[in-house]
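Comments concern the structure below.
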Amino acid sequence: MQAVHFGAGNIGRGFIGAQLSRSGYQVCFVDVQAPLVEALRERDSYTVQLLGEEPSAVRVSGVTAFNSQTEPERVAEAIAAADLVTTAVGPHVLKAIASLIAEGIKLRLKRKTPPLNVVACENMLQGSTLLKKEVAAHLSATEQAELADRVGFPDAAVDRIVPVQSGTDLLEVAVEPFYEWVIDRTGIKGEVPPVKGVTYVDDLTPYIERKLYTVNTGHAVCAYTGRILGYETIQQAIKDSRVAEIVSGALEETGALLVAKHDFDKGEHQAYIQRMLDRFRNPHLTDPVARVGRSPLRKLKRTDRLVGPALQLIEEGITPEHLATGIAAAFFFDEPEDPEAVELQQILDRDGVAGALQIVADLPRDSQLTRLVVQRYQRWQEKIEG
Ligand SMILES: NC(=O)C1=CN([C@@H]2O[C@H](COP(=O)(O)OP(=O)(O)OC[C@H]3O[C@@H](n4cnc5c(N)ncnc54)[C@H](O)[C@@H]3O)[C@@H](O)[C@H]2O)C=CC1
Ligand SMILES: O=P(O)(O)OC[C@H]1O[C@](O)(CO)[C@@H](O)[C@@H]1O
């Protein structure tokens, strides 16, 4: 079995590639970073360090790699021969890789190969669905009809914390032991891919929302509030009771939403929240707030992990106090290396918090959430000025 995986970064090597290889796939990574591609090709294996109570290591072997910019034909041929295609490139990059995936699919349609599934493993709702739309834009009307029949784009939820790597080996990757990978069975064409550790479900929404609105919401609130209070890493920030209280409060709020919306057992969801908080505290990880808070324009979008649940709670008549505190904290995420953070600061300087929320999250200036966030922003400012 052969798999093509776009994005040989942290989660690509540290989870998706490793899991595919463990399941018997020969993994071909596709990336734009030449040194990474060359190292994967030359060494054809790498190590994943599992940083838990009892550290262990896994060797991932028999991998190869192509450069999507300089070797597009080879990538298309690899897709034509693949049994599975996966991505972990970042939501904003899906559009950029769509034409390359379309080229591979055109070859498959011509050669009448078996059905293919393409799974976007990005932190977002309906990532594969979006990728399908972007791929279809590169196909003729006839090819689009065939695509609908022969290529599945099942949505997925992927959960494992893989921080920025600080080791000297370019390929080695340190990860937490926990993982969860859930795929929407209803979106699959042909045989269900035999990937170890994947849970196939008929309704992905409860799983992806539970993950996005707990792990990712809690993490984002921790990163933004932690940054204001001067912390460099999630592990430092969550030790501060002021941060922990806001994070827990935000997860109580999203928890109330999730329990009501998806009929989760309250006690089980409470235990899930505690497990997620324990993951944030993992003393063996060093996860910079700069990574977890990265791309604040995306994280503040109307449908993402902060504003998304906050708006749904307001619709249910619940005031998302802690989420609003976290959203307000995001406006202090001044990170010169992060282009979205730089842009957010520019928008904030020009339009203020209410104007920025209108631009970034499509919130009317007089909305309840905007008023709440503006109030919380002022409180943060008073605290900082102190
Ligand atoms: N790191 C984590 O713990 C998790 C990350 N994710 C999601 O996975 C995605 C990737 O995240 P990370 O691995 O952390 O980021 P990363 O930055 O470590 O990896 C992304 C990789 O994509 C490559 N890339 C960029 N443009 C490309 C292109 N045009 N063609 C091929 N490759 C390209 C980059 O060179 C990089 O190696 C994001 O959507 C993230 O939300 C999901 C779950 C966990
Ligand atoms: O990858 P994103 O969406 O920028 O957000 C970072 C988040 O993704 C993860 O890396 C994996 O879910 C979390 O550690 C963190 O909450």
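Which of the residues belonging to segment 145-174 are within 15 Å of ligand 2 (Cβ to nearest atom) and within 15 Å of Gly187 (Cα to Cα)?
Going residue by residue through segment 145-174, those that are within 15 Å of ligand 2 (Cβ to nearest atom) are 156-165, 173-174.
Residues satisfying the conditions are Ala156, Ala157.
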* Structure fact -> Note: among Ala65, Ala96, just one is touching a Leu at 6+ places or on another chain (Cβ under 6 Å), in the same structural domain as Ala141 (by TED's automatic domain parsing), within 15 Å of ligand 1 (Cβ to nearest atom) and over 23 Å from Phe178 (Cα atoms), namely Ala65
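Any idea which residue in segment 359-386 is surrounded by the fewest Cβ atoms within 10 Å (Cβ to Cβ), counting only those that are of a type in the set (Gly, Ala, Ser) and over 20 Å from Glu340 (Cβ atoms)?
First, pick out the residues of segment 359-386 that are of a type in the set (Gly, Ala, Ser): 361, 367, 386.
Narrowing further to those that are over 20 Å from Glu340 (Cβ atoms): 367, 386.
Working: Ser367: 17, Gly386: 5.
Filtering first and then ranking leaves Gly386.
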* Quick one: would you say Leu139 is assigned to a loop (DSSP other than H, G, I, E, B) and more than 17 Å from the chain's Cα centre (by Cα)? -> yes
* helices (runs of 4 or more DSSP H) enclosed by segment 260-299 - at least 3 residues per element that are away from ligand 1 (no atom under 16 Å from the Cβ) and in contact with a Ser or Thr (Cβ under 9 Å, 6 or more places away or on another chain) -> 266-281
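Among the candidates Thr325, Thr254, which residue alone is touching a helix residue (DSSP H, G or I) at 6+ places or on another chain (Cβ under 6 Å), among the hydroxyl-bearing types (Ser, Thr, Tyr), closer than 30 Å to Asp202 by Cβ and part of a helix (DSSP H, G or I)?
The conditions single out Thr254.
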* **Pairs, first touching a residue at least 40 places away in the same chain (Cβ under 8 Å) and farther than 24 Å from Gly230 by Cβ in segment 285-304, second away from ligand 1 (no atom under 12 Å from the Cβ) and not in a helix (DSSP H, G or I), C-beta under 6 Å, six or more apart** => Arg302/Asp362
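What's the total number of residues in segment 1-13 that are assigned to a helix (DSSP H, G or I) and touching a Leu at 6+ places or on another chain (Cβ under 9 Å)?
Taking segment 1-13 first, the residues assigned to a helix (DSSP H, G or I) are 10-13.
Now narrow it down to the ones that are touching a Leu at 6+ places or on another chain (Cβ under 9 Å): 13.
Total meeting the criteria: 1.
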* Residue list for segment 259-282, restricted to those being within 16 Å of ligand 2 (Cβ to nearest atom) and not aliphatic (A, V, I, L, M) -> Tyr272, Arg275, Asp278, Arg279, Phe280, Arg281, Asn282
* Structure fact -> Flagged in segment 281-332 as of a type in the set (Val, Ile, Thr), more than 21 Å from the chain's Cα centre (by Cα) and surrounded by fewer than 21 Cβ atoms within 10 Å (Cβ to Cβ), in numbering order, are Ile314, Ile318, Thr319
* Being out of contact with any Pro (no Cβ under 6 Å at 6 or more places or on another chain) and near ligand 1 (Cβ under 9 Å from one of its atoms) is the filter; apply it to segment 101-131 and report the residue that is modelled with the lowest pLDDT. => Asn123
* Return the residue satisfying two criteria in turn: it lies in segment 202-237 and is within 16 Å of ligand 1 (Cβ to nearest atom) and closer than 17 Å to Pro283 by Cβ, and of such residues it is nearest to the chain's Cα centre (by Cα). => His219
* Structure fact -> In segment 101-123, residues that are surrounded by fewer than 21 Cβ atoms within 10 Å (Cβ to Cβ) and under 25 Å from Gly9 (Cβ atoms) total 2
* To do: Pick out the one residue from Ala88, Ala145 that is assigned by TED's automatic domain parsing to the domain that holds Asn10 and crowded, with 22+ Cβ neighbours inside 10 Å.
  => Ala88
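The values are calculated or read from the model by the stated rules, or taken from the named source; none is laboratory data. Because the structure is a prediction, the values reported are computed rather than measured. A quick note on method: Cβ atoms are made from the backbone with ideal geometry, for glycine too, and the neighbour counts reach across all protein chains shown.
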